[in-house]
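Colleague: Take a look at the following structure, please.
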Amino acid sequence: MGETTGMRRLRKTERRDQILLELRLKPHVRIAELATRFGVSSETVRRDVEELSRTGLISRAHGGASAAPPGLRPDLDARNRARLPERERIGRLAASLVQDGDTLMIDAGSTTLQLARFLAFAGTAVVAITNSLQVAMALGQSRGARVVLCPGDYLPAEAAVTGPEALDFIGRHSVDKCLLGAAGLDDGGVSEGVAGFAAIKRAMLRQAAAPHFLIDASKFGMRHLESVAAIGALGTVIADREPPPELAGALTEAGVQVLLAPGT
């Protein structure tokens, strides 16, 4: 089947977002049906499905794809590979909001790792407290940054620490800004699926004057096991794309500032 020309072609990232959206609404989608809808070849959709499956976001099935099993979360390496251009854009914009002299708290996550990289590239002079080994290593390459790593119980799958020692340590510090990732954002607020991460995020929120959430569009409309913060407590959301209308309305009504990272 050749690619059709009578409709606007979706970009690769848009097609993959649509596949994820479909699988939130029904348990299985067929490659042939998606190819017809997108106006592309079945082979193009098959490559999309294979990439999403490789990163753990969906499961391949005969002739199509199925939603990943409930509660299954891709590991850190898989998340670091997924939607990388979008997360780089978010990280770059978030880094531009940080000024020399700022004190920060940055939690563990694939998007906050991109923030740390761009802060290091810029050489921004900050003091940053983090529970993430990857964030600490990336930002620690900057001569302008002082990085403080939380103590705590180590989670190898996340390269991060959690637990009472980490929470107590965070509670003894106050910062200008916290920059946090999120597993899900819907009209109820931000939620998290990794055990211990929600408590870390809540502790950082309490100690920061200005909260910022770095959330890529694949997290819109998702709700996970544990609530982090109600929608009115989010402060600023930095995203790669406009939230869907219902969520955008809820954010506006709650007074949350939404900043969109410019495209490439």
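Colleague: Could you work out the relative contact order of the chain? I mean the mean sequence separation of Cα pairs under 8 Å and 6+ apart, divided by the number of residues, in percent.
Modeller: Contact order relative to length: 13 percent.
Colleague: Also, I was wondering about something else. Normalised by the residues of segment 118-264, what does the relative contact order come to in percent, with Cα pairs under 8 Å and at least six apart?
Modeller: This gives 17 percent for segment 118-264.
Colleague: Right, another one. For the chain, what does -39500 (n - 2.57) per DSSP helix run (n ≥ 4), summed and divided by total residues, give at 222 nm, in deg cm²/dmol to the nearest 500? Display every interim value, and only then the final one.
Modeller: Working: 10 runs with 102 residues, N = 264.
Per the formula, -11500 deg cm²/dmol.
Colleague: When we measure straight from the Cα of LYS12, which lysines land under 20 angstrom away, once same-chain ones fewer than 8 places off are left out?
Modeller: LYS219
Colleague: Separate question: Among LEU214, LEU23, ALA94, flag the residue with its Cα farthest along the positive direction of the charge dipole of the chain, charges on Cβ as +1 for Lys/Arg and -1 for Asp/Glu.
Modeller: It is LEU23.
Colleague: Taking the Cα centre of the chain as origin, work out the dipole magnitude from +1 charges on Lys and Arg Cβ and -1 charges on Asp and Glu Cβ, in debye rounded to 20.
Modeller: 600
Colleague: Mind jotting down the three principal axis lengths of segment 75-173 based on Cα atoms? Whole angstrom, largest first.
Modeller: The Cα atoms of segment 75-173 stretch 33, 33, 19 Å along their principal axes.
Colleague: Nearest 5 is fine: what % of DSSP beta bridges in the chain come out antiparallel, could you say?
Modeller: Approximately 40 percent, going by the DSSP bridge assignments.
Colleague: At 7 Å along the Cα-to-beta-carbon direction for both PHE121 and GLN257, put a label point, then send me their distance in nm to one decimal.
Modeller: Going by the 7 Å Cα→Cβ label model, 2.3 nm.
Colleague: While we're on this one: Where does each of LYS177, LYS12, LYS201, LYS26 land when they are ranked from fewest to most other beta-carbon atoms within 10 angstrom?
Modeller: Ascending number of Cβ neighbours within 10 Å: LYS26, LYS12, LYS177, LYS201.
Colleague: Grab every C-alpha pair in segment 78-260, bin the distances at 5 angstrom width from 0 up to the longest one, and report whole percents.
Modeller: Histogram of Cα-Cα distances, whole percents per bin: 1, 9, 19, 23, 22, 16, 7, 2, 0.
Colleague: Among LEU23, LEU113, LEU104, which comes first, then next, by fewest other beta-carbon atoms within 10 Å?
Modeller: LEU23, LEU113, LEU104
Colleague: Just check segment 12-67 against the gyration tensor rule for me: Cα atoms, a ≥ b ≥ c as the square roots of the eigenvalues, rounded for a/c under 1.5, and otherwise prolate or oblate depending on whether a/b exceeds b/c. Show your work: numbers first, answer last.
Modeller: Values: a/c = 1.32, a/b = 1.24, b/c = 1.06.
Note, shape of segment 12-67 comes out rounded.
Each reported figure results from applying straightforward, stated rules to the coordinates on display, with no laboratory input. No experiment lies behind these values; they were computed from the predicted model shown. Counting neighbours? That spans all protein chains shown, and the Cβs are built from the backbone with ideal geometry, glycine included.
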